[in-house]
Amino acid sequence: MTTETIADRAEEILFRATLAAAEFQQLDQQATDAIVRAVFTAGFNNRVRLAKMAWEETGIGVWQHKVLKNVVATQLVYENIKEQKTVGVISRDDLLGIVQIAQPLGPIFAIIPVTNPTSTTLFKILIAMKTRNPVIISPPRKAIHCCAETVRVCYQAALAAGAPEGCIQIVEEGSRELTRAIMGHQSLALTLATGGTGMVHAAYSSGNPAIGVGPGNVPVFIDQTADIPFAVANIITSKTFDNGTICASEQAVVVEKSIAAAVRQEFARQHCYFVADSELPRLAAYAIVAESGGMNPDIVGKSARSIADQAGLELPEDVQIILARLHGVGDAFPLSKEILAPILAFYECDDYQEAMKTCIDLNFLGGIGHTVAIYANDEERIDEFSRIMNAGRVIVNTPSAQGAVGGLFNTLQSSLTLGCGTGGKNITTENISALHLLNIQRVCRRRENPHWFKFDTNRYYDESADAETLLQAYYRNY
Amino acid sequence: MVTCTVDAPTNTVTFCYQGRLDAVTTEELSPLVEERVSALAKGDEGTPLRVIFDMKGVDYVASAFIRLCIKVAKAVHGDNFAMTNSSPVIKKTFKIVGLAEQLHLT
């Protein structure tokens with residue numbers, strides 16, 4: 001595409017979205033919720049077909065797990081949002097004299113990751129419709145068709161329910177220049193970026209508001225007080241889910257030496273095997289790209305069996321997860337980095353202090369602000385671990401992937417866009433939801449501050465008057 | 001939904017709209033409006049045709065109606081098009097699209 005064509009195309013897309021925004025903002029809560037219900041129903045009813053399309057097109061993951069992701073993105077998200085007030089007056093406090101009014105943001109550019117193409121598309125469309133924001137879907141190159149079909153299903157349903165024309169669009173061109181042109185367009189309200197660091201950085205650098213995510217490198221600490229078979233079973237549930245493609249899935253198991261043997265035995269009993277030390281370099285060479293130090297894209301979402309075969313590893317046929325015993329964290333230990341596949345690093349630490357330091361090293365190796373996990377029955381340990389780690393989500397006694405997404409094993413808001421805070425160069429650590437896509441206006445009625453209006457404010461000009469003296473006078477109750 | 005009056009001396013046609021101008025309604029009235037404008041524009045070559053959309057009774061506009069406004073404005077070369085008596089909601093709607101000034105909306 002030429003520069004002129006790109007600019008024209010971006011203009012065309014944003015003009016259509018802006019028209020839709022103008023119409024959308026006139027709808028009331030009832031009309032909006034009718035659209036949301038219709039989109040949820042259509043998305044949910046197509047959950048299996050879309051999941052299979054995603055699996056077939058990307059070759060990533062497990063189609064049945066992609067169905068469950070679609071269920072989370074539709075049913076669970078819909079449950080969260082269906083009663084939320086997102087139009088007009090959403091709260092009123094007569095005592096404080098503050099009324100909050102919800103306004104839409106405007107057109108949203110939604111970047112979709114290849115790991116969760118249909119589920120993230122469904123999720124972002126639902127929360128955009130709930131907040132009366134037109135959405136422009138940017139699919140990954142390797143999942144254009146399944147995303148396009150997802151958009152078609154949702155858009156048809158939305159239109160039939162009274163949504164404005166152009167409320168959902170998809171950019172199928174797959175051009176980096178067009179993506180940047182849209183991100184930086186003056187009519188765009190927000191980029192909602194779920195994807196790699198580069199894409200998120202581009203969104204934040206575009207000159208328009210953005211909500212992005214960060215990468216994860218999740219350590220799971222199994223404490224001495226943990227139920228080891230339970231912990232191992234849950235870790236397997238998480239790490240094998242869609243073949244480890246959720247960014248919040250565990251990347252490394254950290255245990256104290258005192259329970260290491262028991263944990264290793266339990267993993268073996270549940271068909272998770274350690275690769276021999278002599279084979280570690282072969283696994284690392286396959287899993288990590290030497291030049292960039294990042295994970296091999298071809299390994300994403302592949303089964304442990306497939307990885308073992310590709311890397312030429314001697315492992316039992318029924319392997320669920322490949323474990324790699326490591327003695328350090330960092331570039332010299334490539335398998336200590338994020339790998340979105342059923343591979344887990346394994347660390348045996350002398351004591352609790354060393355275990356915590358190892359978890360910190362892992363957390364800070366490309367996973368700041370994302371997620372950490374702990375299995376323990378010691379509340380003090382859980383508190384201490386939680387305070388030390390830098391993570392938006394501290395998952396306790398729960399599969400980390402499903403736990404971080406929320407709504408299944410805990411009461412966290414269900415979301416497929418997980419904020420990582422400033423550590424991940426994001427604006428929030430929250431699980432992104434509909435309420436993040438609103439501009440809230442506050443109507444403030446006069447409610448005078450009694451202390452301020454009783455106090456002689458001329459006293460502030462007296463340099464010699466200190467805080468204690470003035471505050472005493474300020475708060476004096478006659 | 002729409003009535004049309006023509007002021008011959010000033011060569012001005014005023015379309016008065018009422019109620020809800022959603023996609024279905026707009027689809028119905030668009031051909032009438034466009035045809036009328038086209039017919040009148042072919043008439044007196046001395047005074048250019050002026051088109052006014054009176055929005056007094058309108059409480060909702062779909063994007064399809066906004067497109068109609070753009071099309072008609074273009075047909076009479078922009079400066080000869082105006083929209084009057086809009087409610088604050090309608091004005092805000094056209095502001096969001098960035099067209100309130102271009103379409104001379106008041």
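The values are calculated or read from the model by the stated rules, or taken from the named source; none is laboratory data. Remember, predicted model here, so these are calculated numbers, not experimental data. Positions of Cβ are generated from backbone atoms using ideal geometry, with glycine treated the same way; all protein chains shown enter the neighbour counts.
In this structure, does A:Gly366 turn out to be surrounded by 19 or more Cβ atoms within 10 Å (Cβ to Cβ) and either touching a helix residue (DSSP H, G or I) at 6+ places or on another chain (Cβ under 8 Å) or under 19 Å from A:Glu430 (Cα atoms) (or both)?
On the way: surrounded by 19 or more Cβ atoms within 10 Å (Cβ to Cβ): yes; either touching a helix residue (DSSP H, G or I) at 6+ places or on another chain (Cβ under 8 Å) or under 19 Å from A:Glu430 (Cα atoms) (or both): yes.
In short, yes.
I need the strands (runs of 3 or more DSSP E) fully contained in segment B:1-105, keeping only those with at least 3 residues that are within 25 Å of A:Glu165 (Cβ to Cβ) and among the β-branched types (Val, Ile, Thr).
Working: elements: B:2-7, B:12-21, B:50-61, B:81-84.
The qualifying strands (runs of 3 or more DSSP E) are B:50-61.
Which residue is surrounded by the fewest Cβ atoms within 10 Å (Cβ to Cβ), if the candidates are limited to segment B:38-71 and must be within 14 Å of another protein chain (Cβ to nearest Cβ) and of a type in the set (Val, Ile, Thr)? Quick ask: steps written out before the conclusion?
Going through segment B:38-71, the residues within 14 Å of another protein chain (Cβ to nearest Cβ) turn out to be B:55, B:58-71.
Those still in the list that are of a type in the set (Val, Ile, Thr) too: B:58, B:61, B:66, B:70.
Numbers: B:Val58: 24, B:Val61: 26, B:Ile66: 22, B:Ile70: 18.
If we take residues in segment B:38-71 being within 14 Å of another protein chain (Cβ to nearest Cβ) and of a type in the set (Val, Ile, Thr), then B:Ile70 is surrounded by the fewest Cβ atoms within 10 Å (Cβ to Cβ).
Could you give every pair whose Cβ atoms fall below 6 Å, whose first residue belongs to segment B:86-106 and is more than 9 Å from chain A (Cβ to nearest Cβ), and whose second residue is of a type in the set (Gly, Ala, Ser), counting only separations of at least 6 or pairs across chains?
B:Leu103/B:Ala73; B:His104/B:Ala82; B:Leu105/B:Ser86
Run down A:Phe230, A:Phe267, A:Phe274, A:Phe241 and say which single residue is aromatic (Phe, Trp, Tyr), under 21 Å from the mean Cα position of the chain (by Cα) and either at pLDDT 95 or above or more than 23 Å from A:Ala193 (Cα to Cα) (or both). Give the derivation first.
Working: A:Phe230 fails: under 21 Å from the mean Cα position of the chain (by Cα); A:Phe267 fails: under 21 Å from the mean Cα position of the chain (by Cα); A:Phe274 fails: under 21 Å from the mean Cα position of the chain (by Cα).
Result: A:Phe241 is the single residue among A:Phe230, A:Phe267, A:Phe274, A:Phe241 that is aromatic (Phe, Trp, Tyr), under 21 Å from the mean Cα position of the chain (by Cα) and either at pLDDT 95 or above or more than 23 Å from A:Ala193 (Cα to Cα) (or both).
Name the single residue that is farthest from the chain's Cα centre (by Cα) among those in segment A:343-377 being among the hydroxyl-bearing types (Ser, Thr, Tyr) and assigned to a strand (DSSP E or B). Steps first, answer last, please.
The initial filter retains those residues of segment A:343-377 that are among the hydroxyl-bearing types (Ser, Thr, Tyr), namely A:347, A:352, A:358, A:371, A:375.
With assigned to a strand (DSSP E or B) added as a condition, the list becomes A:347, A:371, A:375.
Values: A:Tyr347: 26, A:Thr371: 10, A:Tyr375: 22 Å.
Among those that are among the hydroxyl-bearing types (Ser, Thr, Tyr) and assigned to a strand (DSSP E or B), it is A:Tyr347.
Name the single residue, out of those in segment A:21-38 being of a type in the set (A, V, I, L, M, F, W, C) and in a helix (DSSP H, G or I), that is nearest to A:Glu79 (Cα to Cα). Give the derivation first.
Of the residues in segment A:21-38, the ones of a type in the set (A, V, I, L, M, F, W, C) are A:21-22, A:24, A:27, A:31, A:34-36, A:38.
Narrowing the set further to residues that are in a helix (DSSP H, G or I) leaves A:21-22, A:24, A:31, A:34-36, A:38.
Details: A:Ala21: 25, A:Ala22: 27, A:Phe24: 22, A:Ala31: 18, A:Ala34: 14, A:Ile35: 15, A:Val36: 11, A:Ala38: 14 Å.
It comes out as A:Val36.
Would you confirm, using the coordinates I've provided, whether B:Asp79 is within 11 Å of another protein chain (Cβ to nearest Cβ) and more than 10 Å from the chain's Cα centre (by Cα)?
Numbers: within 11 Å of another protein chain (Cβ to nearest Cβ): no; more than 10 Å from the chain's Cα centre (by Cα): yes.
It is false that B:Asp79 is within 11 Å of another protein chain (Cβ to nearest Cβ) and more than 10 Å from the chain's Cα centre (by Cα).
Anything in segment A:120-153 that is closer than 20 Å to A:Gln25 by Cβ and either among the charged types (D, E, K, R) or not in a loop (DSSP other than H, G, I, E, B) (or both)? List them, or say none. Before you say what the answer is, go through the steps one by one.
Step one: filter segment A:120-153 for residues closer than 20 Å to A:Gln25 by Cβ, giving A:124-136.
Hits for segment A:120-153 are A:Lys124, A:Ile125, A:Leu126, A:Ile127, A:Ala128, A:Met129, A:Lys130, A:Arg132, A:Val135, A:Ile136.
Filter segment A:309-326 for residues that are part of a loop (DSSP other than H, G, I, E, B) and either small (Gly, Ala, Ser) or free of Cβ contacts under 8 Å to residues at least 12 places away in the same chain (or both) and give the result.
Taking segment A:309-326 and keeping what is part of a loop (DSSP other than H, G, I, E, B), we get A:312-320, A:326.
Within segment A:309-326, just A:Gly312 meets the criteria.
The rows are residues; the columns are (1) more than 14 Å from chain B (Cβ to nearest Cβ); (2) among the aromatic types (Phe, Trp, Tyr); (3) part of a helix (DSSP H, G or I).
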site: A:Leu19; (1), (2), (3): no, no, yes
site: A:Phe40; (1), (2), (3): yes, yes, yes
site: A:Met53; (1), (2), (3): yes, no, yes
site: A:Val77; (1), (2), (3): yes, no, yes
site: A:Asn80; (1), (2), (3): yes, no, yes
site: A:Ser91; (1), (2), (3): yes, no, no
site: A:Leu96; (1), (2), (3): yes, no, no
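If a residue counts only when it is crowded, with 19+ Cβ neighbours inside 10 Å, which helices (runs of 4 or more DSSP H) contained entirely in segment A:378-471 have at least 2 such residues? Can you show your working first?
Working: elements: A:379-388, A:400-405, A:450-454.
Output list reads A:379-388, A:400-405.
When you go through A:Asn133, A:Asn70 one by one, which is the residue that is in contact with a strand residue (DSSP E or B) (Cβ under 9 Å, 6 or more places away or on another chain), of a type outside the set (Val, Ile, Thr) and at pLDDT 95 or above?
A:Asn133
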